[in-house]
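Visitor: One structure coming up, written as structure tokens, with questions to follow.
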4 protein chains.
Amino acid sequence: MKDALIIGGQSFNSRLITGTGKFGNHQLMEEALLASGTELVTMALKRIEKDDDDDILKHLRHPSIHLLPNTSGVRNAKEAVFAAQMAREALETNWLKLEIHPDPKYLLPDPVETLEAAAELVKLGFIVLPYIHADPVLCKRLEEVGVAAVMPLGSPIGSNKGLKTIDFLQIIIEQSNVPVIVDAGIGAPSHAAAAMELGADAVLVNTAIAVAGDPITMALAFRQGVESGRKAWLAGLGAVSDHAHASSPFTQFLAEL
Amino acid sequence: MKDALIIGGQSFNSRLITGTGKFGNHQLMEEALLASGTELVTMALKRIEKDDDDDILKHLRHPSIHLLPNTSGVRNAKEAVFAAQMAREALETNWLKLEIHPDPKYLLPDPVETLEAAAELVKLGFIVLPYIHADPVLCKRLEEVGVAAVMPLGSPIGSNKGLKTIDFLQIIIEQSNVPVIVDAGIGAPSHAAAAMELGADAVLVNTAIAVAGDPITMALAFRQGVESGRKAWLAGLGAVSDHAHASSPFTQFLAEL
Amino acid sequence: MKDALIIGGQSFNSRLITGTGKFGNHQLMEEALLASGTELVTMALKRIEKDDDDDILKHLRHPSIHLLPNTSGVRNAKEAVFAAQMAREALETNWLKLEIHPDPKYLLPDPVETLEAAAELVKLGFIVLPYIHADPVLCKRLEEVGVAAVMPLGSPIGSNKGLKTIDFLQIIIEQSNVPVIVDAGIGAPSHAAAAMELGADAVLVNTAIAVAGDPITMALAFRQGVESGRKAWLAGLGAVSDHAHASSPFTQFLAEL
Amino acid sequence: MKDALIIGGQSFNSRLITGTGKFGNHQLMEEALLASGTELVTMALKRIEKDDDDDILKHLRHPSIHLLPNTSGVRNAKEAVFAAQMAREALETNWLKLEIHPDPKYLLPDPVETLEAAAELVKLGFIVLPYIHADPVLCKRLEEVGVAAVMPLGSPIGSNKGLKTIDFLQIIIEQSNVPVIVDAGIGAPSHAAAAMELGADAVLVNTAIAVAGDPITMALAFRQGVESGRKAWLAGLGAVSDHAHASSPFTQFLAEL
């Protein structure tokens, strides 16, 4: 009856996964994340354990929020496995968003290192959610090594360009046996809604909320956008057609007078 | 403080305008319209005054719903003015959605007849909302003759193709001094959200709700989609960019250990 | 046998119509136009009859080039008719590209004034080619008053955005009984080719050639692009499909060894 | 002075690479390939060495045509290396288009097996041109192991959808030190031209020519489309802008009379 999202055996009511980067300050981040209704929040390992007066973790400790550490900044499988183990120890969770992007300009993921690291991390007992290109074959291979979900990108991180990979996301969704979470490039609620209408299981949004003029209102907007797209998918969208289906013309009505 | 939509001096809380065509039956239509939260509902004159056992008007008499008769089916200005006067008498409202589409295949509007009819109907005391091509110059001319809003199309009626005219809608929104309501072609909540994110004042949705597998859930989806897009516009969307803005790499973090 | 373009009873081998604006100088313009193979060149009335040392007309007097004066800069039907008559007298041609754009920012055409002027100019014996929005109903009305061709825009003049109106161009081409010439917005040979592949009869290109780094090479590029798209339309393009049609796999070949 | 394409130390005048599949018969294929001006033709290993009365190779033996055997149909690196060696022996060439697509529905390539096979084949002395997803990181890794070019896809093979991956092709072209050849999905000359305008070094076209109503005319169309796009790239395309740059209005001209 409930339309829950299940990842790694855990059930979520919200299909809006969020990140913690680029917010003006931690307080604003906390308020925006709560407004978004998110239940799964990813954060870079490098952002914790600094003896900060205002530790980011204080702002993420909420009963509704499940932490998803990520390996942002690592450049290969070896670094990723090391970072994952540090994250598990520091945050006491075996959940992991696996990100390996050697390219500092576009932050695009490395398919080969990601598959290698995913296979090893699954063996080490991690719940692995890999961030990858919208590559249907890679998604299947990751599924075969036991990842809990796949996170194909919509467009380059931080570009706000939306679902530029939509033709491939469609194939991924059609073929996947694990949840498909569209990550990266979602710059507006309409993009998030479109991903859900396509049949994605969830979306990850960070930059678009964090850098908005008003991040809290934008968080509410994305919350509604995701729910809206999910409802539309459940309700069954009509087909796209090339022309109108005319009903009886008014002139016929005039003739009947 | 409230973000109300004002058309013809009247204030609306909902920015989702709906139609009455193509629903399976009147009861389903009524439930879907109530679920959508709509406050302005358009209906063809030709659909009233038939001695129907189940008169459509019975299903539209709600305190929150404002009726917007339309001239669907007329082919020129003369027929439109005649139909408008009949509608005013029958429904006791001077509000009018002006539609003149001579082409039965695509139901596209006639710019010249529409301008002529709009000018005359304004003089006759109507609150005129014309359905038109996304033609910025025509929108300005309609504004000059006194229409209460302009209703440019997103794509052909019933096509579900979304905002194919987005480059021109943007110019219309930039230049208009009356509300801009995107009409026709909106086939999914993501399309409605995108129109609102662009700065449209409202959208009109009919087919996409009426022909959905579950019209009531789809009505809820569109309600949220419109609210979501409006919030995003108010909150200030980020710019689209060509590449990521990298934060400090993890390897730097490793170096700091 | 020959695939000629017929406008107003005159036959053209080239389907690339060009303009004279924005070139660095008249000599460069002349060389680029000759390289393009164009046989129909439009020029603004305001650019002639000035006692220039380097009169633009000197550079356009070629046996292969047919002049098409335009009314660029006029704001209504009355000014257009006056400008057309001046052009006829000055250039001794009754051919006319009718342009009425009251908006100085986007130079978008006025549908109502254009229809009125077209009707009058046809009566006055002009061969009228009106520049208009990609509005299928307006195109039919212009055809009814006797224009020789219709010139719907692809996107705003000078924007180089390409065929943003493609969904409407398709309808125009399907319905038109006079040649359809895509005008405005064509910024690259691929845009010109796409218009021809869609079934357009010709395209008009000006800015993209004139402001190119090397206008002569760009003129050659557009010439080939137009010819390429026309050939593809004649040869019959394949349908777009959602997936591959696999041929027998190599593994089957291995099995057969 | 000449604008030659250099791959693996060999110089080509044509930037249109073609395939041999799906033609009605070998004679038609031969005529179309000659009309296209192609100098590099790929063919599946599985299509040779059958004791056919009408051996395909007879139709490909032309001084201007360089053969590029491909591994179409193999599902992993091991099969690819085996197939490559068979091809080298049978066709006496060390050139190879490396294709590994385990998925029979969409024929999308496997990034991990492709990288592994490419590394081994380069060591074995092959000139390797791998067919891959438009994945910029994978392209760099393939370049690092010594491939002679990269062949990212525009959209799924045989779909005719064009450059759906354009945002990623742009990054690949920006970053690559080896020729970038857009492969798969190019369904019309306008797509081929657009790839060249983007800065691609060449395109591969097969289905769109082979299944055209008239393959020979379509081959000519693609030849011109590729040349057109290349010329445009060399000539320097103008930037896309949001509005027109108005020249002096006609009314100013009237005022000057």
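Visitor: Any residue at all in region B:53-64 that's small (Gly, Ala, Ser), free of Cβ contacts under 8 Å to residues at least 40 places away in the same chain and open to solvent by 40 Å² or more (accessible area, probe 1.4 Å)?
Guide: Scanning region B:53-64, I find at least one residue that is small (Gly, Ala, Ser), free of Cβ contacts under 8 Å to residues at least 40 places away in the same chain and open to solvent by 40 Å² or more (accessible area, probe 1.4 Å), so the answer is yes.
Visitor: Further question on the same structure: Exactly one condition in (1) open to solvent by 70 Å² or more (accessible area, probe 1.4 Å); (2) modelled with pLDDT of 90 or more is false for B:LYS50; which is it?
Guide: Of (1) open to solvent by 70 Å² or more (accessible area, probe 1.4 Å); (2) modelled with pLDDT of 90 or more, only one is false for B:LYS50: (2).
Visitor: Go through region D:168-211 residue by residue and tally those that are at the interface with another protein chain (Cβ under 7 Å from one of its Cβ atoms), farther than 25 Å from A:ILE166 by Cα and open to solvent by less than 10 Å² (accessible area, probe 1.4 Å).
Guide: 0
Visitor: Here's something else I'd like to know. Give just the number: which of (1) free of Cβ contacts under 8 Å to residues at least 24 places away in the same chain; (2) assigned to a loop (DSSP other than H, G, I, E, B) does B:GLY187 not satisfy?
Guide: (1)
Visitor: If you go through region B:133-159, how many residues are under 14 Å from B:ALA195 (Cβ atoms) and out of contact with any Pro (no Cβ under 7 Å at 6 or more places or on another chain)?
Guide: 4
Visitor: Further, regarding this structure: When region C:123-142 is examined, which residues are found to be over 16 Å from C:LEU153 (Cα atoms) and within 13 Å of chain B (Cβ to nearest Cβ)?
Guide: The answer is C:ARG141, and nothing else.
Visitor: Does region D:82-98 contain any residue that is crowded, with 24+ Cβ neighbours inside 10 Å and of a type in the set (Phe, Trp, Tyr)?
Guide: no
Visitor: For region B:213-243, how many residues meet the condition of being among the small types (Gly, Ala, Ser) and either open to solvent by less than 10 Å² (accessible area, probe 1.4 Å) or in contact with a Cys (Cβ under 6 Å, 6 or more places away or on another chain) (or both)?
Guide: Of the residues in that region, 7 qualify.
Visitor: For region A:22-37, name all the residues that are closer than 14 Å to A:ASP55 by Cα and open to solvent by less than 20 Å² (accessible area, probe 1.4 Å).
Guide: Residue satisfying the conditions is A:MET29 alone.
Visitor: Sticking with this one: State all residues of region A:127-146 that are of a type in the set (A, V, I, L, M, F, W, C), open to solvent by less than 10 Å² (accessible area, probe 1.4 Å) and farther than 19 Å from D:LYS105 by Cβ; if no residue qualifies, say none.
Guide: Listed by number, the residues that qualify are A:VAL128, A:LEU129, A:ILE132.
Visitor: Shifting gears a bit: In region A:163-184, what count of residues is obtained for those that are part of a loop (DSSP other than H, G, I, E, B), closer than 16 Å to A:ILE7 by Cβ and over 13 Å from the mean Cα position of the chain (by Cα)?
Guide: 3
Visitor: Hey, could you check region C:155-167 for residues that are at the interface with another protein chain (Cβ under 7 Å from one of its Cβ atoms) and in contact (Cβ under 8 Å) with a residue 12 or more places away in the chain and say which is nearest to D:GLY238 (Cα to Cα)? Spell out how you get there, then give the answer.
Guide: Initially, region C:155-167 is screened for residues at the interface with another protein chain (Cβ under 7 Å from one of its Cβ atoms), giving C:155-161, C:164, C:167.
Checking which are in contact (Cβ under 8 Å) with a residue 12 or more places away in the chain leaves us with C:155-161, C:164.
Values: C:SER155: 15, C:PRO156: 15, C:ILE157: 13, C:GLY158: 10, C:SER159: 9, C:ASN160: 7, C:LYS161: 10, C:LYS164: 17 Å.
Residue satisfying both the conditions and the ranking: C:ASN160.
Visitor: Which condition number in (1) among the charged types (D, E, K, R); (2) under 17 Å from B:LEU45 (Cβ atoms); (3) surrounded by 24 or more Cβ atoms within 10 Å (Cβ to Cβ) is the one that B:GLU79 fails?
Guide: Here B:GLU79 meets the rest and fails (3).
The values are calculated or read from the model by the stated rules, or taken from the named source; none is laboratory data. Everything numeric in this text was worked out from a predicted model, so none of it was measured. Neighbour counts are summed over all protein chains in view; Cβ atoms, including those assigned to glycine, are modelled from backbone coordinates with ideal geometry. Side chains included, ligands, DNA and RNA excluded: accessible areas come from the protein's heavy atoms. Shrake-Rupley method; radii C 1.70, N 1.55, O 1.52, S 1.80 Å.
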